[in-house]
1. On a 0 to 90° scale, report how tilted helix 226-236 is relative to the longest principal axis of the chain, with both axes built from alpha carbons and the result rounded to the nearest 10.
2. Can you compute the helix-only [θ] at 222 nm over the chain? Use -39500 (n - 2.57) per DSSP H run of at least 4 residues, normalise by all residues, nearest 500 deg cm²/dmol.
3. Against the 2.2 N^0.38 Å scaling, with N counting residues, where does the stretch 132-239 land? I'd like the Cα-based Rg ratio to two decimal places.
4. Amide H of residue 94: which non-local residues (sequence gap of 5 or more, or other chain) have their own amide H closer than 5 Å, using H built in the peptide plane?
5. Name the residues whose placed amide hydrogens come within less than 5 Å of the amide hydrogen of residue 15, ignoring near sequence neighbours (fewer than 5 apart) on the same chain.
6. Between the helical axis of 101-113 and the dominant principal axis of the chain, each derived from Cα atoms, what acute angle in degrees is found, rounded to the nearest 10?
7. What label, among (1) 22.4; (2) 20.6; (3) 19.2, belongs to Kirkwood radius over Cα pairs in Å computed from the structure on display?
8. Cut-off is 10 Å between beta-carbons; in what order do 160, 1, 91 appear when sorted fewest neighbours first?
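Readers should treat all values here as calculations from the given coordinates under stated rules, not as data from a laboratory. Computed from a predicted structure; not experimentally measured. Cβ: placed from backbone, ideal geometry, glycine included. Neighbour counts: every protein chain shown.
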Amino acid sequence: MAVFRFAPSPNGRLHLGHAYSALLNQRLASAGGGRLLLRIEDIDRERCRPEFETGIHEDLAWLGIAFDGVPRRQSEHLAEYAAVLDRLRGMGLVYPAFLSRAEVARFVGDRESAGKPWRRDPDGSPHFPPVDRERPSADATARLSAGEPHALRLDMRKAMEAAGPLDWRESGGGARQLVPAEPGAWGDVVLAGRETATSYHLSVVVDDALQEVTDVVRGRDLFAATSVHRLLQKLLGLPAPRYLHHRLILDETGRKLAKSSGDTGLGELRAAGVAPDEIRARVGLGA
């Protein structure tokens, strides 16, 4: 049986883009006689708030979307992510990263000022410098023993060597194609942050496997990140779902809708008297 999931983060109110993704998952799951799961991705304890989680449930119920089983809240499964992280550490693929954001910016800025280009990931952030990856183990151990703040990062070069060539099956346009994965484009990604016990990349891969998700349907803005997810799946021996990265809902200027930009939420539209059928029509999923 096909298993789909909708996985919002409670760091703001849902908007039309979320409505499109949730409704599309519902339609595809229903068409194939599959299941639709709800996952609350609340690992960012600074930005995630209870009132936003309540709003998610209210908005989805108003849209008429029903889910199978009990929602999975990531904050309740930190031990599972820690166990997986220990496995990767045991494989020699994880290292402590002590450089702060300011230190990274200074490192990269100095080199770019000297006319030395610095590689950036698909989101535009600079690759993490090799300082901590190449740090002598005795120095790293001493810093850890002293309780120095740090993140845990994946040694991308070693990980890619261990995994070998990768791809994923992408659906869309009535056809499925194999897409070559390029995880190296992201550099040494974070697996656990200074303030968070896990990262999006790690937790989403673990969750999809534990929830037996067969079909990941999400926005096109996460297309490139799938390369990292395929890498982690291969390293951990986890199954690879089918993927469909759908179009994004844009505003009148062509900008992607975002919580951080204060775009109109579904709750506001509901309060203004907009009906669920109108939401479906606005996102192109009307009957």
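1. With rounding to tens, the tilt is 60 degrees.
2. That calculation yields -11500 deg cm²/dmol at 222 nm.
3. In units of the globular-protein estimate, the stretch 132-239 measures up at 1.23.
4. Placed amide hydrogens put 155 under 5 Å from residue 94.
5. So residue 15 has HN proximity to 266.
6. Helix 101-113 sits at roughly 70 degrees to that axis.
7. Identified label for the calculated read-out: (2).
8. Arranged by neighbour count, lowest to highest, 160, 1, 91 become 1, 91, 160.
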